[in-house]
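Single-structure report; data block below.
The values are calculated or read from the model by the stated rules, or taken from the named source; none is laboratory data. Computed from a predicted structure; not experimentally measured. All Cβ positions, even for glycine, are placed from backbone atoms using ideal geometry, and neighbour counts span all protein chains on display.
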Amino acid sequence: MTSVSITAVRRLPTWPTAAVAAVAWLIAWFINLPAANWAAYDLLGLQQGSHLGDAVAFFLLDVPKVLLLLTGIVTLVSFLRSFVSPERVRRALAGRGVLPGTMAAAGFGIVTPFCSCSAVPLFIGFVEAGVPLGVTFAFLVASPMVNEVALVLLWGLFGPGVALLYMGAGLTVAVLSGLLIGRLGLERYVEDYVWKIHAGAGAIEIRPTLGDRVRDAWRSTVDIVRRVLPFVVAGIAVGALIHGFVPTDLVVSVGGRGNPLAVPALVGLGVPLYSNAAGTIPIVEALIGKGLPLGSALAFMMAVTALSVPELVILRRVMKPRLIAVFVAVVGAGILLVGYGFNAFIA
């Protein structure tokens, strides 16, 4: 953002602008469905019920819907998150017991959803602050997996029940992974230079005004949307193709409950993919609509968000290969249990 545009943002009245934006958001939300149908079937002249027509309508509906969810709710969450800095997280986690610290770390992962590019400095900061290794891993698992983007999109597309179930499953995986890794005594597999770093002890926290927090939240949201937009469009495009052209019987036969290897196959497929919740959830939405069981779909999304190859490559800078292998094995086992468990107990 240029200095001129930043200056213009600062001159805007905070609360009147926010109120106008909220009203515009609500109007756009309610006209989205009829507008998408009109554009697909009337403006473009596509036949309702045809493969191409349904695929285009799905795409035109989901792109603005997902972007509205992101801009609206993420702005609010970013504003609330401005009260929780990484330094506060480090101080809150240091000195706690193992079980309370692990549970707190997983909970912090929801309200402080730092991206994978922040994994290295956060890992170093937590270790330097005296946070146990298992507690640190609970945060690293929960932060990308159970973040505000995933919960907002799941809530908006599938309802609160699925979103809360996903949050509970993700937190369970994060806590159990942190406890197990903490019990294994793997500190020797952290790169040696990490233990030699002594930084950040005298950091000064700047306390912004309420107006600054609102403006910073909006700038943060714009930055997040700009970064995830390619994944959103690509994910929705794939979801639209699945929705319009992939036969339901094929999806059910490959990924349905009748295939005992469906969950590990989807987890294995998700690990090498470079995406995030915003890009993955539209694909999950289309697959569930075709009959893919909820557990299989959520296991796929968890693998993409918590075990992605780019994040593992970044973590290699602070962890030795054996520790990364243990991390992948423990988290992967937890994701498999979630997938099979959801498939067994949720119709």
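Below, the figures for the structure above:
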{"read-out": "Residue in the stretch 288-307 that is at pLDDT 85 or above and surrounded by fewer than 19 Cβ atoms within 10 Å (Cβ to Cβ) present", "value": "no"}
{"read-out": "Candidate set from the stretch 43-73 (those that are small (Gly, Ala, Ser) and within 21 Å of Ile281 (Cα to Cα)); member that is surrounded by the most Cβ atoms within 10 Å (Cβ to Cβ)", "value": "Ala57"}
{"read-out": "Of residues in the stretch 169-191 being closer than 25 Å to Ala297 by Cα and hydrophobic (A, V, I, L, M, F, W, C), the one surrounded by the most Cβ atoms within 10 Å (Cβ to Cβ)", "value": "Ala174"}
{"read-out": "Neighbours by Cβ (under 7 Å, 6+ apart or cross-chain): first from the stretch 314-334, free of Cβ contacts under 8 Å to residues at least 60 places away in the same chain; second of a type outside the set (A, V, I, L, M, F, W, C)", "value": "Ile324/Arg316"}
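Quick grid of which residues meet (1) surrounded by fewer than 10 Cβ atoms within 10 Å (Cβ to Cβ); (2) under 15 Å from Trp218 (Cβ atoms); (3) at pLDDT 90 or above:
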{"site": "Met1", "(1), (2), (3)": "no, yes, no"}
{"site": "Trp15", "(1), (2), (3)": "no, yes, no"}
{"site": "Val20", "(1), (2), (3)": "no, yes, no"}
{"site": "Trp25", "(1), (2), (3)": "no, yes, no"}
{"site": "Leu33", "(1), (2), (3)": "no, no, no"}
{"site": "Tyr41", "(1), (2), (3)": "no, no, yes"}
